[in-house]
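The structure appears below as structure tokens.
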Amino acid sequence: MWNYLSNQSGAMYGNNVFIGYNPPTSVNPYPKYPSIHTTVFISPFTLIIGDVTIRENVFIAPFVSVRADEGTPFYIGEHTNLQDGVILHGLRDQYVIVNDRKYSIYIGRGVSCAHSSLIHGPCLVEDDVFIGFSSTVFNSQIGKGTFISSGAVVTNGVILKPNSFVPPGASIDTQEKANSLVTVPLDREEFAREVQRVNNEFPSAYSMFFGSNKCSCGLTC
């Protein structure tokens, strides 16, 4: 059965967060439950299903869907943020390899997935990557410190070297295009760093208002 959780990460959500086992199907017959660190903040109207590991101090904004019901498993590293409307999903039997283990989606440490971005497995996103608004990352490997601008698409098995800059609206669908990318400009690097800094404060800050034990001032005791 599916499970509603009201206190999975130490915050009170009522019935607006849906966290549960993947449904058994011929594609994925073994139901598994997400593993979510207690310091993660999960906003209302969020869906997390199946074999998903979420590490420390991750911020998950409203209307995020993390659905490991076909491609599986997923991994989300510490201090990463999934902003409003982000979608994670994967294809069956297609993987990336990290530390000799198979993953449908592997997202490293300190990654920012901006509003309405789509990360679709098989996919590896290394540490400190910025994935821009309404962009798509599918069937690709994204090197550490890369900046993917708004509306861009990265796909078709490409491998982006560390610190690659993907321009707004670009389609990176060949390795030749991937190899030709310049390094991240300083202003975009600073922008990504500031986004990460702000979102890194959100898990504890939001928990102060939505925690389960409140004092008369309205903050968590």
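The values are calculated or read from the model by the stated rules, or taken from the named source; none is laboratory data. Predicted, not measured: the structure shown is a model, and the values here were computed from it. All Cβ positions, even for glycine, are placed from backbone atoms using ideal geometry, and neighbour counts span all protein chains on display. Quick note on the areas: whole protein, heavy atoms, side chains included, nothing else; ligands and nucleic acids left out. Shrake-Rupley method; radii C 1.70, N 1.55, O 1.52, S 1.80 Å.
Worth pointing out:
- Lys/Arg +1, Asp/Glu -1 at C-beta; segment 77-221 dipole; positive extreme among Y95, L124, P203: Y95
- Close amide H partners of L91, meaning residues 5 or more places away or on another chain with modelled amide H under 5 Å apart, are G71, G121.
- Options [x] 20.2, 68; [y] 16.8, 55; [z] 17.3, 60 - which one matches Rg and Dmax of the Cα atoms in Å as calculated here: [z]
- Our coupling estimate for segment 153-169, obtained by passing each phi through the Karplus curve with A = 6.51, B = -1.76, C = 1.60 and θ = phi - 60°, is 10, 10, 7, 6, x, 6, 10, 8, 5, x, 6, 6, 10, 9, x, x, x Hz, Gly and Pro reported as x.
- Antiparallel bridge percentage (DSSP; both residues within the chain; nearest 5): 10 percent
- Total lysine pairs under 21 Å (Cα atoms) in the chain, excluding pairs fewer than 8 apart on one chain: 6
- Dividing the summed helix terms, -39500 (n - 2.57) for each DSSP H run of n ≥ 4, by the number of residues in the chain produces a 222 nm estimate of -4500 deg cm²/dmol to the nearest 500.
- Estimated dipole of the chain in Debye, rounded to 20 [Cβ of Lys and Arg +1, of Asp and Glu -1, Cα centre]: 280 debye
- For the chain, the share of accessible area belonging to carbon and sulfur comes to 55 percent (1.4 Å probe, ligands and nucleic acids excluded).
- Probing with 1.4 Å while keeping every protein chain in the model, the per residue accessible area of segment 28-152 equals 35 Å².
- Degrees separating the helix 186-210 axis from the principal Cα axis of the chain, which is the longest one: 10 degrees
- Cα centroid separation, segment 48-77 to segment 159-207 (Å): 20 Å
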